[in-house]
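Quick notes on the structure that follows.
The values are calculated or read from the model by the stated rules, or taken from the named source; none is laboratory data. Note that the coordinates shown come from a computational prediction; the quantities given were computed from them, not determined experimentally. Neighbour counts are summed over all protein chains in view; Cβ atoms, including those assigned to glycine, are modelled from backbone coordinates with ideal geometry.
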Amino acid sequence: MILAPKNNAVVVASAKRGFTLIELLTVVTIIGILSAAGVVSFRNAVLDNRARDAAVNLAAFAERVEAKARQFNAPLCIKKGAGNELLAYRGTISVGTGGKETCTIPDGGTPVDFITFGSPLALKTAKESGLAGSNWNDAVVAVQPRIGLSAYHTEGHFTVQYGNTSRWAAASKSNSDNRFKAQFSRNGGTLWESL
C-alpha cells in the first residue's frame, strides 16, 4: 500500500502487524520443550544435592562422635535407633574370640550425640554397596579413643538411600585412612564419588 502525504513524498507502509498464529504456536512449543528439559534437569540436581548433603552430614556425625570419645576419654557405641536415626552412647568395649570387639550400652543410657534423617532419606541396613568393610547400620559400632589413630578400629560405612531413587549417600572409613570419606552414588551404589 502506498500513501501520498501532503508534501508529495511517497511512503511505503507494511500491511502486516504482529505475528501469525503459526509463529506464536511454534515459539510456545519450543518454550514448552525447553522448560520440560529444564524441569527434569533441575529435579535431578536437587536429588543429587540432597543425597550429597546426607553423605557430608553422615561423615560429620561420625567424626563428631570420634571427637567426643576423645573428649570423654571413654568408648562410645553407635547404633541405629528405633526410627531413622543413629545414636551415640557411652559404653564398654570387650574383645571376644578372634579379636572381635563388642560394644555394650548400659540400660537406660542417654545418647551423647545423634543424627536423624527426615523422609525421604532412609538408613539402609542390608545394602551391598561395594564399599570397604561392613555396613555399620546393621551393628553396634565401637568408637574407642586411641592416640594417633582413628577411634574406629575396623573398616565400615554408614549408608542412606534417598527415597526410592538410585541415589545413595555414605560415610566410609577404610584402614588406610584415618578420616571418614563422604561418598555419593547416583546409580544404586555401583559407582561411588568421593565428595
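Going by what's in this entry, would Thr110 be described as farther than 24 Å from Ser194 by Cβ, of a type in the set (Ser, Thr, Tyr) and surrounded by 14 or more Cβ atoms within 10 Å (Cβ to Cβ)?
no
Restricting to region 144-178, what's the tally of residues that are among the charged types (D, E, K, R) and within 13 Å of the chain's Cα centre (by Cα)?
So the answer is 1.
Are any residues in region 171-189 surrounded by 12 or more Cβ atoms within 10 Å (Cβ to Cβ), assigned to a loop (DSSP other than H, G, I, E, B) and polar (S, T, N, Q), and if so, which ones?
Ser174, Asn175, Asn178
Mind counting the residues in region 63-89 that are farther than 30 Å from Tyr162 by Cα and either among the charged types (D, E, K, R) or in contact with a strand residue (DSSP E or B) (Cβ under 8 Å, 6 or more places away or on another chain) (or both)?
The number of residues fulfilling the criteria is 4.
Anything in region 118-127 that is part of a loop (DSSP other than H, G, I, E, B) and either modelled with pLDDT of 85 or more or more than 17 Å from the chain's Cα centre (by Cα) (or both)? List them, or say none. Step through it out loud before you land on a result.
Going residue by residue through region 118-127, those that are part of a loop (DSSP other than H, G, I, E, B) are 118-120, 124-127.
Those that are part of a loop (DSSP other than H, G, I, E, B) and either modelled with pLDDT of 85 or more or more than 17 Å from the chain's Cα centre (by Cα) (or both): Gly118, Ser119, Pro120, Ala126.
So is Ile115 in a strand (DSSP E or B), surrounded by 15 or more Cβ atoms within 10 Å (Cβ to Cβ), touching a residue at least 24 places away in the same chain (Cβ under 8 Å) and touching a helix residue (DSSP H, G or I) at 6+ places or on another chain (Cβ under 7 Å) or not?
Against the criterion (in a strand (DSSP E or B), surrounded by 15 or more Cβ atoms within 10 Å (Cβ to Cβ), touching a residue at least 24 places away in the same chain (Cβ under 8 Å) and touching a helix residue (DSSP H, G or I) at 6+ places or on another chain (Cβ under 7 Å)), Ile115 qualifies.
Would you call Glu101 surrounded by 12 or more Cβ atoms within 10 Å (Cβ to Cβ), closer than 25 Å to Arg179 by Cβ and at pLDDT 85 or above?
no
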